[in-house]
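Throughout, read-outs are computed from the coordinates displayed, never taken from laboratory work. Only a predicted model underlies this, so the values are computations on that prediction, with no experimental measurement involved. Backbone-built Cβ (ideal geometry, glycine too); neighbour counts: all protein chains shown.
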Amino acid sequence: MPGVLTAIADPSVRAAFREWLVRIADDELVIGHRHSEWTGFGPDIESDVAMSSIAQEELGHGRAFYEQIAQDEGSDIDRLAFGRAPHEYRHAALLEQENDGWEYSIVRLVLYEAFEVARLRLVAASGQEPVAGLARILTREERYHGLFAETWLTRLAGGPPEGPGRVQAALDAAWPDALGLFEATSADDMLLRAGVLTSSPAAQREAWIDAVRPVLDRCGLALPTAAAREGGRRGEHTPAFDRLLAQMTEVWRSDPEARW
Amino acid sequence: MVTIAADTLERAVWDILATVEDPELPISIVDLGLVRDVRIEDGRVSVRLVPTWIACPALGVIRRRVRDALVSLAGVRDAAVDYTYDEPWTLERVTARGRAQLASHGLSVPRCRFAEPPVCPYCGSHDVVAESLFGPTLCRATYLCRSCRNPFERFKPPAEA
């Protein structure tokens, strides 16, 4: 059965869609790894298990997207996930930043989940099966992540005086990187022209701000005004990613041919 | 090579699929509603499964178990087992027997939707509180019953669309 990429006749569109699949998979792999750093360190046992489950799910989602690429190209998904040079990863910087306190992780989760659900809906509407079907399924799974994130955000922002200030500071820190989720490359133009995507990065960004604004408003948080920090979608990453990649790939690099 | 009538082989395939258990729950994959379709052509069996949760670590184990079970059948020359994203896995796919098995395992099982009011599996009370949407496996949430004071787990499908 031909995979999703093989089915796209135009090589430029195929390359652009591959780029999108890599972005999605890389976003999920990297945030999954960051979330997993809370395992054993969450503020309470339920949140620890929840963040660990979310980590497990995001890694599994990343795997499902890598599989779509590997199936078409006859490549090994572990090599795809772990065997690339840093500049070959296409995730946004938001996902690679260190967990700078529980409030930062929760703010990042709120911002990323809103983005992710909207992106999955775009992919679901792309007509590119079986990836579109996968995206439809994942939209349902992600709902619980968003609920968990917003519940915690409300709790932190409504806490004693120290809480709101710390959450606002985390939001201010995360905001430029969050806007970087929408960084446009030629792949976006190509997919828009081909009708695979039905919304430009700029329009996606506006819709995302409309989605997160009421959530932040309800928590008494101010929408930051800082500009986007970009580069991730072109393979430019921060030193935080070098450290993450080194740790994440340590076991795989010890014997890339091993079968687990 | 044994030659077996097509309908006999198809029945044997479904019978053996019903013996394959989910590694995390005491329920067969047929009762859990994982089998989307079975195709048999000239002794080559192709089974398509619907994943419950995409990141469920049991998916690989289930796929192996299904394949091993199929190739052990007389008349099966080859077996392919794949997951399909054609349709989501929902509670409606679980059989009545499957629900009963999950319930006797101590799980609270929603009748139609996860969003419906939860019921304590021990005393039947609705006076329960959700403790966490994320339980010991991806498909379970944890609750406390305020009537009988027992903690319990509730079967959790992906959120309804």
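Key figures
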quantity: Interchain or long-range residues, amide H under 5 Å from residue B:49's placed H; calculated: B:36, B:82, B:83, B:84
quantity: For chain A, size of Cβ-based charge dipole, Lys and Arg +1, Asp and Glu -1, in debye; calculated: 540 debye
quantity: Average partner coverage of A:130-136, which counts Cβ from other chains inside 10 Å; calculated: 3
quantity: Burial order of peptide ranges A:135-142, A:118-125 (average beta-carbon count within 10 Å, highest first); calculated: A:135-142, A:118-125
quantity: Where no second cysteine Cβ lies under 4.7 Å, the cysteines concerned in chain B; calculated: B:56, B:112, B:139
quantity: All-pairs alpha carbon distance profile, segment A:163-224, 10 Å steps from 0, percent; calculated: 20, 42, 23, 13, 2
quantity: Taking the C-alpha atoms of segment A:196-260, convex hull volume expressed per residue in Å³; calculated: 214 Å³
quantity: Dipole axis of chain A (+1 Lys, Arg; -1 Asp, Glu on Cβ), positive-most option in A:17, A:220, A:244; calculated: A:17
quantity: Sparse-neighbourhood loop sites, GluC sites (Glu not before Pro) in segment A:20-105 - DSSP loop, at most 14 other Cβ within 10 angstrom; calculated: A:98
quantity: Relative compactness, segment B:6-83, computed as alpha-carbon Rg over 2.2 N^0.38 Å; calculated: 1.02
quantity: Gyration tensor (Cα) of segment A:19-148, equivalent ellipsoid semi-axes in angstrom; calculated: 24, 17, 13
quantity: Prolate/oblate/rounded label for the protein assembly as shown (Cα gyration tensor, a/c 1.5); calculated: oblate
quantity: Residue-averaged beta-carbon neighbours from other chains (10 angstrom radius) around B:130-136; calculated: 6
quantity: Descending semi-axes in whole angstrom, ellipsoid equivalent of segment B:77-145, from the Cα gyration tensor; calculated: 28, 14, 12
quantity: Over chain A, relative contact order from alpha-carbon pairs under 8 Å, at least 6 apart, %; calculated: 25 percent
quantity: Per-residue [θ]222 nm for chain B (sum of -39500 (n - 2.57) over DSSP H runs n ≥ 4, rounded to 500); calculated: -6500 deg cm²/dmol
quantity: Mean Kyte hydropathy of -1.0 or more with a Cα span along the axis of at least 15 Å, helices from DSSP in chain A; calculated: A:11-36, A:45-73, A:102-124, A:131-157, A:162-179, A:201-218
